[in-house]
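The values are calculated or read from the model by the stated rules, or taken from the named source; none is laboratory data. All of these numbers come straight from a predicted model, not from anything done at the bench. Ideal geometry is used to build each Cβ from the backbone, glycine not excepted, and the neighbour counts take in all protein chains shown. Side chains included, ligands, DNA and RNA excluded: accessible areas come from the protein's heavy atoms. Shrake-Rupley method; radii C 1.70, N 1.55, O 1.52, S 1.80 Å.
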Amino acid sequence: NIVFHSAAYKHVPLVESNPIQGIYNNVISTKVVCEAAKYASLKKVILVSTDKAVRPTNIMGVSKRLAELVVQSYAQDELSAKSSSDSKTIFSMVRFGNVLGSSGSVVPLFQKQIKKGGPITLTHPDIIRYFMTINEAAQLVMQSSALAEGGEVFLLDMGEPVKIYDLACEMVKLSGLRVSGEDGNSNDIKIITTGL
């Protein structure tokens, strides 16, 4: 009855390295899912999108924004055809940010780097991200499916953004270590910047 379309290449470096495949997978497959759902007269299709689709700055974000536009187009078609007695498929979207502990999250990466003795790698010391838990993400998707009437984009208020550098420092401290340079101890964990 309901399709939660969460299949996507969601990691920015992966799609930057493979832009054609990323667009094909994220955009064209979304069209195929929507067409199949409409053909099968399913009740609802919920696209799981990303906050990176808002004013995208990379190919992954663009591909997810295009996927949203595909879903919005199907939603508009279904809403404008509501006058017929046929049951229509409701198409909707849900957007959220980084899920703590998910595949590709910085948390498992930082944990692995700390376990190895460092260094922790950051692209830039001033980068900020919004985070949510796996439970919050799952609840948001379920709630959006219950509220969907067609064409909406559901968002979670994720509060204040977290500075990734501060997250790395906190994880080092929670591991019982110190960030290298704080007291000059060379055995502590270094944080290095690799560049955007």
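In degrees, nearest 10, range 0 to 90: what is the angle between the Cα axis of helix 164-174 and the longest Cα principal axis of the chain? Helix 164-174 sits at roughly 60 degrees to that axis. Summarising the label geometry, the points placed 7 Å from Cα in the beta-carbon direction at Lys116 and Ile28 lie 3.5 nm from one another. Each helix, a run of at least 4 DSSP H residues, gives -39500 (n - 2.57); summed and divided by the residues of the chain, these come to -12500 deg cm²/dmol at 222 nm.
Coupling constants for region 118-128 follow from the phi torsions by the Karplus curve (6.51 cos²θ - 1.76 cosθ + 1.60, θ = phi - 60°), and in residue order they are x, x, 8, 9, 10, 6, 7, x, 9, 5, 10 Hz; glycine and proline get x. Computed from the Cβ-Cβ distance with R0 of 30 Å, the FRET efficiency linking Ile192 to Asn18 stands at 0.70. On a per residue basis, the chain carries 57 Å² of accessible surface, using protein heavy atoms and a 1.4 Å probe.
Among Glu16, Glu152, the order of accessible area from largest down is Glu16, Glu152, computed with a 1.4 Å probe on protein heavy atoms.
Using DSSP to define loop residues, name the trypsin sites (Lys or Arg not before Pro) in region 1-106 whose beta-carbon has at most 13 other beta-carbon atoms within 10 Å. Passing both the DSSP loop test and the Cβ count: Lys82. For Phe131, the amide hydrogen comes within under 5 Å of the amide hydrogens of Val162, counting only partners 5 or more places away or on other chains and with H modelled in the peptide plane.
Need one word for region 64-179: rounded, prolate or oblate. Basis is the Cα gyration tensor (sqrt eigenvalues a ≥ b ≥ c); a/c below 1.5 gives rounded, then a/b vs b/c decides. Cα axes put region 64-179 in the prolate bin.
Considering only DSSP beta bridges whose two residues both sit in the chain, what percent are antiparallel, to the nearest 5? Percent antiparallel among DSSP bridges in the chain is about 10.
Farthest towards the positive end of the charge dipole of region 107-189, among the residues Ala146, Thr133, Val107, is the Cα of Val107, using unit charges on the Cβ of Lys, Arg, Asp and Glu. Shown for the chain: the carbon plus sulfur share of the solvent-accessible area, taken with all protein chains present and a 1.4 angstrom probe, equals 55%.
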